[in-house]
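Trainee: Before anything else, here's the structure in question.
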Amino acid sequence: MLVLCYGFAIRFAKWTNQHILAHPILITTTLLLTLTQLIEADVGQVMTHLHPIKYLLGPLTVGLALPVYNQFPVLRELGIKVIIPIAVGGLFAPLSAFSVLYLLDAEPAWQLTILTKSITTPFAMDTATMLGGIAGLAAVFNIITGMIGVMALPSVNKLMQINDDKANGIVLGTIAHGIGTSKAVLLSEQSGAFASLALCVNGVGTAIVLSVLLG
Amino acid sequence: MIKRFLQHIGTLIVLIGAYELGDVASAVIPLPATINGLFILLLVFAVYGKVPAFLSAVIPLYLGHMSMFFVPAIMAVWLFQQAVYDHWLALVLALVLTTIASMALVMWVSSKLLKPSPKTNSDPTDQSPQ
């Protein structure tokens, strides 16, 4: 059922000429949720049945090693210059979101959960739990951030008057993690590689910071 | 047809294998299975000297459709809809604004440090000579 919804979503996206709101993820999810409601099934149960698909996300993300390897000469040449923007984003994104919730006096559990919004989804859920946040909510914040990243990219390009494969890749991988990376891969191999690298560096950096904080 | 099928099976075995190895490694190296697995696969490519042909053929196809595999996790949003409605303003500010601000910042820093790539046709499926 999921594959059918997705197939439809792809065609719909082409038909609407890749309109921002017509991202396959949104269409597929909306369709699936609507169908679930129509046949009066339980969303939780449907999610359980989709577990094999959810599992495969892990191995598929491993496949990002391909664009990274192909772009390795470029990445090696740039060295620390690539790491700096990732580190900047990797710190600014969670801290700014945390500050907003802190200033608005949101529940502490939410404040802690939102710190994981820009790292890869499965890791975000585990990390949120370790910090004292809520795993399911972490997934929600995480996914919303990913979607915003993908949808807002053209606007940010226009705002900053920058539209370069490397910069786009780093932005998508650092801020919008896996969802952003899957978009970056579609833009070009170079942006896909940079996004994959950003995803890894952000993940590694976060793990190190956490071991220091919690260890 | 058979060759294509075998390429897919081979790719799935490699990807799942690397992922599971990454999961095992997570017990020792405090990183998620995905990231460990990615490094393991990179190591394999480095040692082998190149990417095996069947992986080059199939992986880009999978990566292009990665969106579909996020859908089950995204359905979790539905389960939290009440909480999202109650706190919509805080979430708009905390998620939307900070994400866009972060993106702008990272984009600016990236463009200052990295030379823009020459403007070539960046369509990965384009086979025409450059």
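The values are calculated or read from the model by the stated rules, or taken from the named source; none is laboratory data. Note that the structure is predicted; figures quoted are calculated from it, not measured. Virtual Cβ from ideal backbone geometry, glycine too; neighbours counted across all protein chains shown.
Trainee: Taking region A:154-164 on its own, how many of its residues are within 14 Å of A:Ala184 (Cβ to Cβ), at the interface with chain B (Cβ under 7 Å from one of its Cβ atoms) and surrounded by fewer than 24 Cβ atoms within 10 Å (Cβ to Cβ)?
Mentor: Result for region A:154-164: 1.
Trainee: Do you know which of the residues in region A:117-128 that are of a type outside the set (A, V, I, L, M) and touching a residue at least 40 places away in the same chain (Cβ under 8 Å) is surrounded by the fewest Cβ atoms within 10 Å (Cβ to Cβ)?
Mentor: Of everything passing the filter in region A:117-128, A:Pro122 is surrounded by the fewest Cβ atoms within 10 Å (Cβ to Cβ).
Trainee: Additional query: Looking only at region A:80-98, count how many residues are more than 8 Å from chain B (Cβ to nearest Cβ) and surrounded by fewer than 20 Cβ atoms within 10 Å (Cβ to Cβ).
Mentor: 5
Trainee: Does B:Pro52 qualify as being surrounded by fewer than 17 Cβ atoms within 10 Å (Cβ to Cβ), more than 7 Å from every other protein chain (Cβ to nearest Cβ) and modelled with pLDDT of 80 or more?
Mentor: Taking the combined requirement at face value, the residue satisfies it.
Trainee: Please return the ranges of helices (runs of 4 or more DSSP H) entirely within region B:21-76 where 1 or more residues are over 23 Å from A:Lys54 (Cβ atoms).
Mentor: B:33-48, B:53-64
Trainee: Could you tell me whether A:Leu91 is at pLDDT 85 or above, part of a helix (DSSP H, G or I) and under 23 Å from A:Leu210 (Cβ atoms)? Give the steps one after another, and end with the answer.
Mentor: Numbers: at pLDDT 85 or above: yes; part of a helix (DSSP H, G or I): yes; under 23 Å from A:Leu210 (Cβ atoms): yes.
So A:Leu91 passes the test.
Trainee: Checking A:Glu77 against (1) surrounded by fewer than 23 Cβ atoms within 10 Å (Cβ to Cβ); (2) over 30 Å from B:Lys115 (Cα atoms); (3) assigned by TED's automatic domain parsing to the domain that holds A:Ala176, which test does it fail?
Mentor: (2)
Trainee: If you don't mind, another one. Would region A:133-144 turn up any residue that is more than 8 Å from chain B (Cβ to nearest Cβ), in a helix (DSSP H, G or I) and over 11 Å from the mean Cα position of the chain (by Cα)?
Mentor: For region A:133-144, residues more than 8 Å from chain B (Cβ to nearest Cβ), in a helix (DSSP H, G or I) and over 11 Å from the mean Cα position of the chain (by Cα): present.
Trainee: Considering only region A:183-208, state which residues are among the β-branched types (Val, Ile, Thr) and more than 9 Å from chain B (Cβ to nearest Cβ). Before the answer, list the steps.
Mentor: Step one: filter region A:183-208 for residues among the β-branched types (Val, Ile, Thr), giving A:185, A:201, A:204, A:206, A:208.
Those that are among the β-branched types (Val, Ile, Thr) and more than 9 Å from chain B (Cβ to nearest Cβ): A:Val201, A:Thr206.
Trainee: Let me ask another. Filter region B:26-49 down to residues that are more than 7 Å from every other protein chain (Cβ to nearest Cβ) and either among the charged types (D, E, K, R) or surrounded by 17 or more Cβ atoms within 10 Å (Cβ to Cβ) (or both), then give me how many there are.
Mentor: Residues flagged as more than 7 Å from every other protein chain (Cβ to nearest Cβ) and either among the charged types (D, E, K, R) or surrounded by 17 or more Cβ atoms within 10 Å (Cβ to Cβ) (or both) within region B:26-49 amount to 5.
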